[in-house]
Amino acid sequence: MVGTTDQTLRPFLWRAAKLYPDREIVSRTHEGLSRTTYAAYDRRVARLANALDDAGVSRDARVGTFCWNHTRHFETYFGVPCRGSQLHTINPLLPDHHVQYIVENAADELLFVDPSLVESLESAATDADGAFDAVEQFVVMGSDVPETSLDPVTDYESFLADDETYDWPDLDEERPAGMCYTSGTTGKPKGVEYSQQTMWAHTMGILPEAGLDLRASDVVMPVVPMFHVMAWGLPHAVTAAGGKHVYPGPAPDPADIARLIEDERVTFTAGVPTVWLGLLDYLEENDADLSSLERIAIGGAAAPESLIREYEESYDVQVLHAWGMTETSPVAAAAHLKPGMESWPAEKRDRKRVKQGLVLPGLEFKVMGEEGEIPWNGEDFGELWIRGPWVTTEYFGRPEANETDFVDGWLKTGDVVTVDPEGYIQIVDRAKDVIKSGGEWISSQELENAIMAHDDVTEATVIGVPHEKWQERPVAFVVAREGVGGGPLMADIRDLLAEDYPEWWLPDDVVYVESIPKTATGKFDKKVLRDEYADHEIDDVPEEAAPEEE
Ligand code: ADP
């Protein structure tokens, strides 16, 4: 036997405080910009753990946060799990009834809430009988408490204890340490629990080059919210690396993001594609110095090739396309190039980089088609199954979902993928987003990526609309650049798609919309469009809307 302690988060905090005491943690907050160091952070984390003891919060408690990305929230990332409790991050952008369900299902004992989110929390708390029964205390993330019906309530700065040291316990690695709910693009939110060990393993998984390649010299700004799958594990992993943290604060807009990159010399940032599309739009009209920025990890939804290219060509920023799920902690694959591919012609190289990529070391996957595992030929597709030390094996209190979503320790992801001979996974669609025309599958994701490459299109999504004869036909929803749209653009889009896709794949209608509805995690919300356009009439269906029989 080797190894005298379990795999837990505590050593990451200890190492950063000892080895990188002066490295900075910078944050936009509700009160302006804050700047601290690991040494000072370590003391604040101890004060938080002491405060939780003083408040009588049990070691086994789940402690919820309803907060944006800022230093105080980051303090809970170590303070809560290192004392043995479970950090439950709640997405404040979810509808009230989801927040209610989540807080009650998790039975959080204490909730940290941002000043700007107090009203939303109140509205979720008062909206139903007995809502938030388990919650014994609310703590507002600031130095005073706004007018509120939340009760009992205190402010974070008064809540913190004075004692700046804490006798951190030795914890069992199986001990629950974190919890997130999937955002519900596929129905009622499902809770996923992370243990000390799964969080340790995910941290170690994303640190090296084959993961997100995080270094002590990096200045990392997680734009992906800390309420969404632990900001992809970055707060823990950047600490493990000894890097500088930059948190973009409450509801950051593209101007905030650009300013922080420029002022703090950010080298690495991460978030969903819509954030980076928004920043590009902003940069068209405004100047910003992005020269420090080396890499952006984009994931959570497919990163269009045009987006990857534009960052590289116009700003010399490498995009790393990554894939993951709440259930996989989340990072599980990343589209790194293999040795030798760097010198490929740009187009061939980009065809790899636009894929969801290579599975991270430590994980295993297989792809199940109708007749068993599919071959790695880049064409056959099936459902991606994955397993490994940071992949969950069950949902919290959901036996019916556990029956359907797991087989012998494998997580059935619901993502439909191909795998090419080099092992690059490519998502064709989520199982329920695949469009079935005449029994044959059309990939909505491929079509939307192709449409988004058009210069006059800022956002696009494609859904299957029910059709009497063909079951479903694709319809595109497009946000056009100001001043364009109508027939000419529609014809253009069809011409563009016709270059690469058979006629029966082409959307039969292009609907111009002001914006595409988004989920609480910034992904296109196809559920809303599918409901709204369930009776949409399509005139232009081709004679043969399925492939010809061979
Ligand atoms: P939800 O299921 O509530 O949307 P998650 O954030 O866990 O919550 O989403 C995981 C899903 O997001 C994946 O199963 C996949 O469908 C999609 N996804 C994640 N990363 C990518 C990516 N790089 N490209 C395409 N889809 C992605």
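Values computed for the structure shown
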{"quantity": "Those residues of region 494-525 which are within 17 Å of the chain's Cα centre (by Cα) and not in a loop (DSSP other than H, G, I, E, B), in sequence order", "calculated": "518, 524"}
{"quantity": "Among the candidates 408, 429, 420, residue that is surrounded by 15 or more Cβ atoms within 10 Å (Cβ to Cβ), free of Cβ contacts under 8 Å to residues at least 60 places away in the same chain and either more than 19 Å from the chain's Cα centre (by Cα) or under 17 Å from residue 367 (Cβ atoms) (or both)", "calculated": "429"}
{"quantity": "First in region 490-514 and under 22 Å from residue 428 (Cα atoms), second anywhere and surrounded by fewer than 17 Cβ atoms within 10 Å (Cβ to Cβ) and among the hydroxyl-bearing types (Ser, Thr, Tyr), Cβ under 9 Å, 6 or more apart", "calculated": "none"}
{"quantity": "Neighbours by Cβ (under 6 Å, 6+ apart or cross-chain): first from region 302-319, closer than 15 Å to residue 349 by Cβ; second modelled with pLDDT of 95 or more and more than 16 Å from the ligand (Cβ to nearest atom)", "calculated": "311/317"}
{"quantity": "Every residue from region 364-415 that is of a type in the set (A, V, I, L, M, F, W, C) and at pLDDT below 95", "calculated": "381, 401"}
{"quantity": "Yes/no for residue 2 being hydrophobic (A, V, I, L, M, F, W, C), more than 26 Å from residue 265 (Cα to Cα), free of Cβ contacts under 8 Å to residues at least 60 places away in the same chain and surrounded by 20 or more Cβ atoms within 10 Å (Cβ to Cβ)", "calculated": "no"}
{"quantity": "Residue count for region 295-314, restricted to those that are away from the ligand (no atom under 13 Å from the Cβ) and within 21 Å of the chain's Cα centre (by Cα)", "calculated": "3"}
{"quantity": "Hits in region 327-368 (condition: of a type in the set (Lys, Arg) and in contact (Cβ under 8 Å) with a residue 60 or more places away in the chain)", "calculated": "338, 352, 355"}
{"quantity": "Qualifying residue in region 332-343 (condition: more than 15 Å from the ligand (Cβ to nearest atom), in contact with a Phe, Trp or Tyr (Cβ under 7 Å, 6 or more places away or on another chain), of a type in the set (Ser, Thr, Tyr) and outside the structural domain of residue 523 (by TED's automatic domain parsing))", "calculated": "no"}
{"quantity": "Qualifying residue in region 42-53 (condition: out of contact with any Leu (no Cβ under 6 Å at 6 or more places or on another chain), assigned by TED's automatic domain parsing to the domain that holds residue 242 and closer than 19 Å to residue 221 by Cβ)", "calculated": "no"}
{"quantity": "Residues of region 234-264 classified as in a strand (DSSP E or B) and over 17 Å from the mean Cα position of the chain (by Cα), total", "calculated": "3"}
{"quantity": "Check on residue 317, more than 16 Å from the ligand (Cβ to nearest atom), of a type in the set (A, V, I, L, M, F, W, C) and under 23 Å from residue 234 (Cα atoms)", "calculated": "yes"}
{"quantity": "Meets criteria (surrounded by 18 or more Cβ atoms within 10 Å (Cβ to Cβ) and closer than 30 Å to residue 390 by Cα) for residue 294", "calculated": "no"}
{"quantity": "Of all residues making up region 444-458, the number that are part of a helix (DSSP H, G or I) and small (Gly, Ala, Ser)", "calculated": "2"}
{"quantity": "Where residue 302 falls short, out of the listed (1) surrounded by fewer than 22 Cβ atoms within 10 Å (Cβ to Cβ); (2) touching a helix residue (DSSP H, G or I) at 6+ places or on another chain (Cβ under 8 Å); (3) in a loop (DSSP other than H, G, I, E, B)", "calculated": "(1)"}
{"quantity": "Among (1) touching a strand residue (DSSP E or B) at 6+ places or on another chain (Cβ under 7 Å); (2) within 30 Å of residue 227 (Cα to Cα) - the single one residue 522 does not satisfy", "calculated": "(1)"}
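The values are calculated or read from the model by the stated rules, or taken from the named source; none is laboratory data. Since the model is a prediction, treat every value here as computed from it, not as a measurement. Don't worry about glycine lacking a Cβ; one is built from the backbone with ideal geometry, like all the others, and counts go over all protein chains shown.
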